[in-house]
1. Quick one: residue 86 ticks every box in (1) assigned to a loop (DSSP other than H, G, I, E, B); (2) over 17 Å from residue 278 (Cβ atoms); (3) in contact with a strand residue (DSSP E or B) (Cβ under 8 Å, 6 or more places away or on another chain) except a single one, so which number is it?
2. Name the residues in segment 99-113 that are under 20 Å from residue 254 (Cα atoms) and touching a Gly at 6+ places or on another chain (Cβ under 9 Å), would you?
3. Inspect segment 61-79 for any residue being part of a loop (DSSP other than H, G, I, E, B) and either surrounded by fewer than 24 Cβ atoms within 10 Å (Cβ to Cβ) or modelled with pLDDT of 95 or more (or both) and give the result as yes or no.
4. Got at least one residue in segment 10-32 being farther than 16 Å from residue 92 by Cβ and out of contact with any Phe, Trp or Tyr (no Cβ under 9 Å at 6 or more places or on another chain)?
5. Does any residue of segment 24-37 turn out to be of a type outside the set (Asp, Glu), part of a loop (DSSP other than H, G, I, E, B) and either in contact with a Gly (Cβ under 6 Å, 6 or more places away or on another chain) or without any contact (Cβ under 8 Å) to a residue 12 or more places away in the chain (or both)?
6. Among the residues of segment 96-113 satisfying the criterion of being farther than 14 Å from residue 20 by Cα and in contact with a Leu (Cβ under 9 Å, 6 or more places away or on another chain), which is surrounded by the fewest Cβ atoms within 10 Å (Cβ to Cβ)?
7. Residue 214 passes all but one of (1) aliphatic (A, V, I, L, M); (2) surrounded by fewer than 18 Cβ atoms within 10 Å (Cβ to Cβ); (3) at pLDDT 90 or above; which number fails?
8. Could you go through segment 103-125 and let me know if any residue there is assigned to a helix (DSSP H, G or I), within 12 Å of the chain's Cα centre (by Cα) and modelled with pLDDT of 90 or more.
Amino acid sequence: MKNFCKDQVALVWNPRGGKNLKEGLILMALARQAGLTEVIVKDYSEIETTLKSLIAQGKKHFLVSGGDGTVSAFLTAYFRNFPEKEVYLTVLPGGTNNLIAWDVSRPFGQLRIFKFFLTQKTPKVLKRKVLKIIPGEYYGLFCAAGLLAEGTFLYNILRKKKGIRGLKNISQVIAETIKKGFKREMPLIVETNSLVYFPETAMLTTLNRLFIPLKPFPRVNKCSQIKIGLFPRKIIPFKTFCEREVRLHTPGIALDGEEIESPANLFKIILAGEITFLKW
């Protein structure tokens, strides 16, 4: 991989991503001292405009500091507007969970990662295909439906609206989600081209590693299509398989931890293009 000159590099920082304020300020100072372009985005909707401006300036390597939702918003902006442009992405984990970083970066220590970049240490080059969600044309790296998605929605509500964080949040989420699971009015239906399933939870990803569990679906880990795990009321998936296209019959899903709704209670998930990550 060629080295980038500083005019081709940009730091994109979301100060509202999880717990990203203090470290983000240090990142911005380091980037400014190194003569790099640094941009603050406080809302996912700003990322598309920001990316258009940066690519017009000739930027090719993007260091994105934030949580999983920030990375997903970057991927959505990129694949909607510049799918043929060759860019490189470095994930600087500044979110609450940083699930994406477990695979294509490091789950903690964004300052250390950034310092490795500044000292021009050689990174690993990782390529990952991306999930495309229809309707809405959203792009991401892991998707959950069923109990796991509902738990994610509740976690975000408790964190953002009530300020409940940490183990207290997680304990309340588990209790409420399980209670709701037994009373669900609309079952989750997972439909492929050949079979139909009725699981409690479905997880779809193109990543090789996730935090829970570390290697989500070992039997299909080297699969080049969508890796799918179906779960009952347990942690361990009872079925794993690969498909090029999946249809989820459900009112809402969690894409990289962010809620997406469908008025028709139907999502189609296919493979989009490929993105290149640089991992220090």
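The values are calculated or read from the model by the stated rules, or taken from the named source; none is laboratory data. The model shown is predicted, which means the values in this text are computed figures rather than measured ones. Backbone-built Cβ (ideal geometry, glycine too); neighbour counts: all protein chains shown.
1. Of (1) assigned to a loop (DSSP other than H, G, I, E, B); (2) over 17 Å from residue 278 (Cβ atoms); (3) in contact with a strand residue (DSSP E or B) (Cβ under 8 Å, 6 or more places away or on another chain), only one is false for residue 86: (2).
2. 99, 100, 101, listed by residue number.
3. no
4. No: zero hits.
5. Checked against the condition, which is being of a type outside the set (Asp, Glu), part of a loop (DSSP other than H, G, I, E, B) and either in contact with a Gly (Cβ under 6 Å, 6 or more places away or on another chain) or without any contact (Cβ under 8 Å) to a residue 12 or more places away in the chain (or both), segment 24-37 yields no hits at all.
6. Residue satisfying both the conditions and the ranking: 102.
7. Residue 214 satisfies every listed condition except (3).
8. So far as segment 103-125 goes, yes, one or more of its residues are assigned to a helix (DSSP H, G or I), within 12 Å of the chain's Cα centre (by Cα) and modelled with pLDDT of 90 or more.
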